[in-house]
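Colleague: The structure's right below; bear with me while I get my questions together.
Taken together, the values in this text are just the output of simple stated rules run on the coordinates, not laboratory data. All figures in this text were calculated on a predicted structure; none of them were measured in a lab. Every residue, glycine as well, gets a Cβ built from its backbone with ideal geometry; the counts of neighbours run over all protein chains shown.
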């Protein structure tokens with residue numbers, strides 16, 4: 001620190017002991033100023049050095065490129081240190097720097113050389129992403145990134161790919177990213193009023209296999225194709241003249257395009273057709289492709305491309321090498337001179353993250369925080385995010401826009417030590433991590449109690465919000481989270497919109513989570529937790545909600561789970577109440593890992609137990625297509641009542657009097673209008689008039705392993721008498737599902753629309 005800053009810090013420290021102070025920061029300021037509104041500081045970091053408990057740092061409009069490392073926090077909820085954007089002013093803090101001096105190499109590829117000294121002690125282009133439960137998918141990944149007009153390019157696996165014309169080398173990157181699955185039940189070539197017989201499963205080749213699935217128009221699935229792959233059928237008889245092919249298909253996500261090729265995947269293109277999304281790999285649709293007139297018997301190969309892949313055919317790549325003196329970066333720019341527009345590169349690992357733990361009671365409000373070279377954040381290491389609390393207590397992170405983090409957006413994670421990333425992906429390793437965390441202060445008095453609300457989080461390739469044990473006793477509410485782990489160039493076990501280990505007595509409520517590889521993932525020690533009124537849709541290929549090796553009690557109520565896969569569970573002790581569950585419920589049986597259960601409303605470990613499946617409660621839920629049949633194999637007792645099953649959804653044998661209406665299709669539809677979201681459905685009166693009973697703590701009983709009741713974090717009982725829209729329920733006969741009907745209907749089928757966001 002220079003002499004001027006030392007004098008400033010001394011003066012401000014003395015004055016702050018007298019009364020709370022508001023420090024102002026502006027791009028037009030100077031770090032030798034006093035930080036008043038008339039004489040603002042220039043950097044947020046300078047203000048952080050002098051701010052004391054009770055003080056506020058107000059940042060005025062502009063772009064700031066710095067890493068803020070708060071040296072201290074507040075002392076209580078009433079004596080916070082507040083970092084805030086000035087009212088009605090746009091404040092953007094970036095972990096990137098603009099880079100100029102690009103030279104064209106060939107095609108649309110340019111390169112630039114950056115002196116290593118410009119990066120300081122951390123060069124993200126030599127920083128390899130690695131850690132426990134990380135899978136690089138056979139290549140090397142770095143935390144560096146290149147941005148054009150704020151949006152990132154994709155790291156190439158090698159220099160050869162980045163030197164090719166745009167689009168020529170992208171198939172290997174897109175194949176992993178789309179997750180779209182196409183199933184083919186039958187196809188028939190023909191023309192006019194004649195067609196050949198349906199094909200069967202004989203004589204077809206694919207790198208995958210036959211997925212047995214009944215087709216309503218006859219036959220079974222005779223092959224499935226991931227986006228970018230192909231499947232070939234031998235001895236297809238086109239007769240004397242065929243100018244079309246009819247397909248019976250199911251596309252599990254967003255649909256796409258089929259290309260029909262003669263003899264092999266690179267053979268003559270006969271024709272194409274679009275495939276709509278059916279939303280389920282067993283929901284079939286018939287489509288027709290007009291093809292070049294063909295006769296005789298040939299092999300027919302189908303190549304499938306998702307709509308997502310089609311839209312990314314101009315995917316742009318970058319690649320970098322680092323030697324002793326400089327970093328060379330190659331990047332593809334389509335119809336752009338990178339010297340005449342804004343091209344940025346990652347420089348900083350984080351944007352607002354304390355380097356030491358125990359920085360308590362900070363508020364961070366109203367900023368746009370983007371471009372960070374964050375590392376992989378497993379539960380067994382220090383979790384460094386674009387913004388993170390670092391093993392502290394009482395943060396409020398609110399009203400921020402957070403995006404473009406190479407791994408994680410917000411971290412509510414654990415401390416770091418010499419055992420980071422040494423657990424060899426084992427349950428035993430995480431048990432030891434928990435023991436060490438307890439020694440490092442993991443308790444209700446010292447850790448957690450964070451509030452994360454009203455943030456917009458997107459474009460993170462691991463998780464939007466992640467936390468190992470640091471998210472205890474916290475509230476995550478009213479956030480919009482999307483486009484998380486959608487490129488899928490690497491994989492692992494920590495990817496979701498929200499991924500928590502040890503979410504003890506935490507509330508995850510009224511968040512909109514969509515276009516994420518998985519919505520919410522609660523792993524280990526989910527006890528006393530409530531997941532309520534969340535809007536989850538268009539997530540995949542994984543689920544809206546995954547509960548892993550927990551013992552409960554946990555309450556999952558009034559959520560809209562609208563993706564193809566709604567729930568995955570290999571836990572016990574959860575209660576699912578008044579949810580709309582539109583996709584599959586998948587139950588894993590016989591989990592042998594020994595995982596902790598805890599004392600009531602505490603982080604104290606009471607014991608370890610297996611997760612054999614069962615000890616679950618399902619009351620007053622509305623199921624579409626999926627159902628609870630997989631609980632038929634549960635080891636422990638399950639409790640089910642008041643559920644309604646539509647559109648082929650199947651109940652479990654454990655439910656005594658389920659309402660099964662297989663022929664009713666409510667046709668739920670998500671409609672986005674600006675920042676608002678509406679849910680439309682056609683409901684039969686029989687659904688709305690189904691009788692059910694109010695759900696309370698008393699009715700739910702106790703979770704078996706911890707022997708604890710389902711109650712609020714403050715110990716008060718639950719009484720679920722408000723619906724998704726927070727409207728009062730009929731306590732004597734509440735409606736099934738998330739929405740309460742104001743009065744019982746005796747009319748014909750009605751179309752409903754709810755504003756759900």
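Colleague: Quick one: if you stick a label point 7 Å off each Cα along the C-beta vector at residue 269 and residue 337, how many nm between them?
Modeller: 3.4 nm
Colleague: Percent relative contact order of segment 349-491, based on C-alpha pairs within less than 8 angstrom and at least six residues apart?
Modeller: Dividing the mean separation by the residue count of segment 349-491 yields 25 percent.
Colleague: Right, here's the next one. Rg/Rh for the chain to two decimals, with Rh computed the Kirkwood way over all alpha-carbon pairs. Mind dumping the intermediate values first?
Modeller: Values: Rg = 27.9 Å, Rh = 28.0 Å.
That ratio equals 1.00.
Colleague: By count of other Cβ within 10 Å, fewest leading, how are 395, 318, 757 ordered?
Modeller: Details: 395 28, 318 25, 757 18.
With the sparsest Cβ surroundings first, the list reads 757, 318, 395.
Colleague: Give the separation of the Cα centroids, segment 694-710 to segment 124-141, in Å.
Modeller: Each part's Cα centre sits 43 Å from the other's.
Colleague: With an 8 Å Cα cut-off and a minimum separation of 6 or more residues, compute the relative contact order for the chain in percent. Walk me through the intermediate numbers first.
Modeller: Working: 2277 pairs, mean separation 64.8, N = 757.
It comes to 9 percent, rounded to a whole number.
Colleague: Run the helix sum for the chain: -39,500 (n - 2.57) per DSSP H stretch of 4+ residues, divided by residue count, reported at 222 nm to the nearest 500 deg cm²/dmol. Please list the in-between numbers first.
Modeller: Numbers: 8 runs with 60 residues, N = 757.
It comes out at -2000 deg cm²/dmol, rounded to the nearest 500.
Colleague: When DSSP beta bridges are limited to those with both residues in segment 640-745, what percentage is antiparallel, rounded to the nearest 5? Before the final figure, lay out the partial values.
Modeller: Values: 10 of 13 bridges.
Taking every DSSP beta bridge with both residues in segment 640-745, the antiparallel ones total about 75 percent.
Colleague: Rounded to the nearest 5, what is the percent of antiparallel bridges among the DSSP beta bridges in the chain? The partial results should precede the final answer.
Modeller: Numbers: 91 of 204 bridges.
Restricted to the chain, the bridges split so that about 45 percent are antiparallel.
Colleague: Classify segment 349-491 from the C-alpha gyration tensor, please: rounded if a/c falls under 1.5, else prolate or oblate depending on whether a/b exceeds b/c.
Modeller: Numbers: a/c = 1.90, a/b = 1.21, b/c = 1.57.
Cα axes put segment 349-491 in the oblate bin.
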